[in-house]
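The values are calculated or read from the model by the stated rules, or taken from the named source; none is laboratory data. Bear in mind that the values here come from a model prediction, so they are computed numbers and not experimental data. All Cβ positions, even for glycine, are placed from backbone atoms using ideal geometry, and neighbour counts span all protein chains on display.
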Amino acid sequence: MKAKCLLPVFFAALMTILLTNNVKSQIKSIDINSLVNLMEGSFSSEEQSKSDSDYFDIRLHMKRIWKDIEKENEEYWLYAEQASAQSPDKPYRQRVYRVTRTYEGRFESAVYTISDPMRFAGAWKLEEPLTELSPDSLTLRDGCTVTLTLMGKDHYEGGTKKKDCESELRDAEYATSKVEIFADRIISWDRGFDKDGKLVWGAEKGGYVFIRIK
């Protein structure tokens, strides 16, 4: 009789565990979807450039790509372009980001380069950009992955690790990136340093503030 009495308790506990795990899974899914939705869009640093002449008027565009891979591997891919507002059709930076979840509340955005990237300039305007490419055609920038942490509702924060991201731009030895992502803006602070740790490129006072325009 005692064993029979324990069965309902056992099944109730089992159901609680299953429901809890299901809720956690849904929360994790919501978190990464929220992050990717905040990253996708068009952004401008025009407002910052008008209030501080040390900053340029830059346009940043990010567009999700390869959505069929999302369902299979629980990873999200975005194509990103940055260009001067004066030359929007000539981006100076084109990247692909692979966003994954490492564990609850923590995410990674791996950075990839594209061969002959200018042929894809303006691809963010397309409904399905970069369909002629695949992940294995990209080159991973080792050490340049940005780790992001969920800080609160619609707020993620993170950056690269120490001196891991190598750079050859303007005689730099390594580069660092710090990022904050909000519903209405993205703050991005990219800097390059020489072997002695001296700043050789990038903003000195703080990151670029990209206000969402779309």
Say we look at segment 59-91 and pick out the residues that are at pLDDT 95 or above and of a type in the set (Lys, Arg); which of these is farthest from Glu132 (Cα to Cα)?
Arg59
Looking at segment 86-99, can you tell me whether even one residue there is in contact (Cβ under 8 Å) with a residue 12 or more places away in the chain, buried (at least 18 other Cβ atoms within 10 Å of the Cβ), over 15 Å from the mean Cα position of the chain (by Cα) and more than 19 Å from Asp31 (Cα to Cα)?
yes
What do you reckon, is Ile69 among the aliphatic types (A, V, I, L, M), on the phi < 0 side of the Ramachandran plot and surrounded by 20 or more Cβ atoms within 10 Å (Cβ to Cβ)?
no
Working only within segment 34-56, note down all residues that are under 21 Å from the mean Cα position of the chain (by Cα) and not aliphatic (A, V, I, L, M).
Ser34, Asn37, Glu40, Gly41, Ser42, Phe43, Ser44, Ser45
Residue ID - surrounded by the most Cβ atoms within 10 Å (Cβ to Cβ), chosen from residues in segment 72-85 that are over 15 Å from the mean Cα position of the chain (by Cα) and closer than 21 Å to Arg212 by Cβ
Ala83
In segment 103-158, the residues that are of a type in the set (Val, Ile, Thr), surrounded by fewer than 16 Cβ atoms within 10 Å (Cβ to Cβ) and outside any strand (DSSP E or B)
Thr131
Determine whether segment 172-191 contains at least one residue that is more than 17 Å from Phe43 (Cα to Cα) and loosely packed, with under 13 Cβ neighbours inside 10 Å.
no
Residue that is farthest from the chain's Cα centre (by Cα) [pool: residues in segment 175-206 that are closer than 30 Å to Ser34 by Cβ, of a type in the set (A, V, I, L, M) and not in a loop (DSSP other than H, G, I, E, B)]
Ala175
Cβ pairs under 8 Å, 6+ apart, first in segment 191-214 and touching a residue at least 40 places away in the same chain (Cβ under 8 Å), second hydrophobic (A, V, I, L, M, F, W, C) and part of a loop (DSSP other than H, G, I, E, B):
Arg212/Ala183
